[in-house]
Amino acid sequence: MLFNSLLSTAKRVGTCSFSTSPRMLAGRPKIYTKTGDKGTSSLFTGERRPKDDVVFDALGTNDELSSSIGLAREYCLDQGEGVQGMISQLEQIQCLLQDIGSNIATPRDLATAPRLARTEFDSDGQHVQDLENWIDTMDQELPPLTSFILPSGGKAAAALHVARSVSRRTERRVVPLAQEQRVDNSVAIYLNRLSDYLFTCGRYAAMKAGRQEVLYKKPRAPRTKKTAPALED
């Protein structure tokens with residue numbers, strides 16, 4: 001996992017150098033550490049756990065969320081028209097997801113006070129407030145919802161809906177940890193609001209692209225042809 005590789009590198013060298021001299025290249029820390037070859041990985045506290053632990057499941061899903069948002073952001077860059085503000089917001093959210101990863105990787109019930117303070121997330125709720133403000137601003141321009149919509153509306157919009165669904169899955173992985181006080185409850189709240197934000201972004205990107213949202217229509221049940229009962233000889 002990239003998070004743990006970076007964590008391991010930070011522990012070994014403290015800082016990263018970007019020098020291209022042969023001497024520095026020879027001493028550059030490698031991306032792979034081989035420490036996880038036996039199926040365990042390290043938390044921010046230094047504790048090692050199996051890679052299928054619920055904490056690493058939450059961390060991995062959070063990483064998927066950031067990747068999904070990154071892809072959606074690239075499609076927004078391609079679209080350009082009307083979504084410039086959204087692009088910078090999505091980048092900021094990706095940075096915050098890194099902070100969420102640090103919070104998840106530092107079990108609140110086991111970490112020392114300095115590590116808890118260092119990895120605390122959104123204690124004043126400002127990041128959630130930012131999401132709500134962005135939602136309200138976009139929603140003022142959008143037509144009211146009168147039906148369920150299907151993920152659609154162009155590549156940027158559809159990618160944002162994918163990110164929204166991954167956000168929901170990330171929330172489902174985090175909520176049990178928050179209920180057990182192993183993750184700050186603010187993380188679960190942020191992820192809940194983030195999916196609302198990404199849903200609104202998907203609608204907004206579709207509108208700015210001049211694309212119609214595909215509405216849900218209940219499929220008709222197929223008609224079955226009635227046949228006459230067979231006559232006995």
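Can you tell me which residue within region 122-149, out of those that are of a type in the set (A, V, I, L, M) and either surrounded by fewer than 13 Cβ atoms within 10 Å (Cβ to Cβ) or modelled with pLDDT of 95 or more (or both), is nearest to residue 206 (Cα to Cα)?
Residues of region 122-149 that are of a type in the set (A, V, I, L, M), as a first pass: 128, 131, 135, 138, 142, 145, 149.
If we keep only those that are either surrounded by fewer than 13 Cβ atoms within 10 Å (Cβ to Cβ) or modelled with pLDDT of 95 or more (or both) too, we end up with 128, 131, 135, 138, 142, 145.
Details: 128: 24, 131: 19, 135: 15, 138: 12, 142: 10, 145: 14 Å.
Top of the filtered list is 142.
Here is a check on your reading of the model: is residue 44 farther than 30 Å from residue 205 by Cβ and more than 19 Å from the chain's Cα centre (by Cα)? Considered against the rule, which asks whether it is farther than 30 Å from residue 205 by Cβ and more than 19 Å from the chain's Cα centre (by Cα), residue 44 comes out as yes. Of all the residues in region 90-112, those that are within 18 Å of the chain's Cα centre (by Cα) and crowded, with 17+ Cβ neighbours inside 10 Å number 10. The residue that is nearest to residue 136 (Cα to Cα), counting only those in region 167-187 that are open to solvent by 10 Å² or more (accessible area, probe 1.4 Å) and within 12 Å of the chain's Cα centre (by Cα), is 168.
Filtered by the rule that a residue be without any contact (Cβ under 8 Å) to a residue 12 or more places away in the chain and assigned to a loop (DSSP other than H, G, I, E, B), region 146-198 gives a lone residue, 146. Could you please find all residues in region 113-142 being over 19 Å from the mean Cα position of the chain (by Cα), part of a loop (DSSP other than H, G, I, E, B) and touching a residue at least 12 places away in the same chain (Cβ under 8 Å)? Of everything in region 113-142, those that are over 19 Å from the mean Cα position of the chain (by Cα), part of a loop (DSSP other than H, G, I, E, B) and touching a residue at least 12 places away in the same chain (Cβ under 8 Å) turn out to be 123, 141, 142. Just so you know, in region 194-215 the residues that are in contact with a helix residue (DSSP H, G or I) (Cβ under 8 Å, 6 or more places away or on another chain) and open to solvent by 50 Å² or more (accessible area, probe 1.4 Å) include one that is nearest to residue 151 (Cα to Cα), and it is 199. Within region 154-193, being touching a helix residue (DSSP H, G or I) at 6+ places or on another chain (Cβ under 7 Å) and among the small types (Gly, Ala, Ser) holds for 154, 156, 157, 159, 163, 167, 178, 188.
The values are calculated or read from the model by the stated rules, or taken from the named source; none is laboratory data. The model shown is predicted, which means the values in this text are computed figures rather than measured ones. Neighbour counts are summed over all protein chains in view; Cβ atoms, including those assigned to glycine, are modelled from backbone coordinates with ideal geometry. For the accessible areas, the whole protein counts, side chains as well, though only heavy atoms, and no ligand, DNA or RNA atoms are used. Shrake-Rupley method; radii C 1.70, N 1.55, O 1.52, S 1.80 Å.
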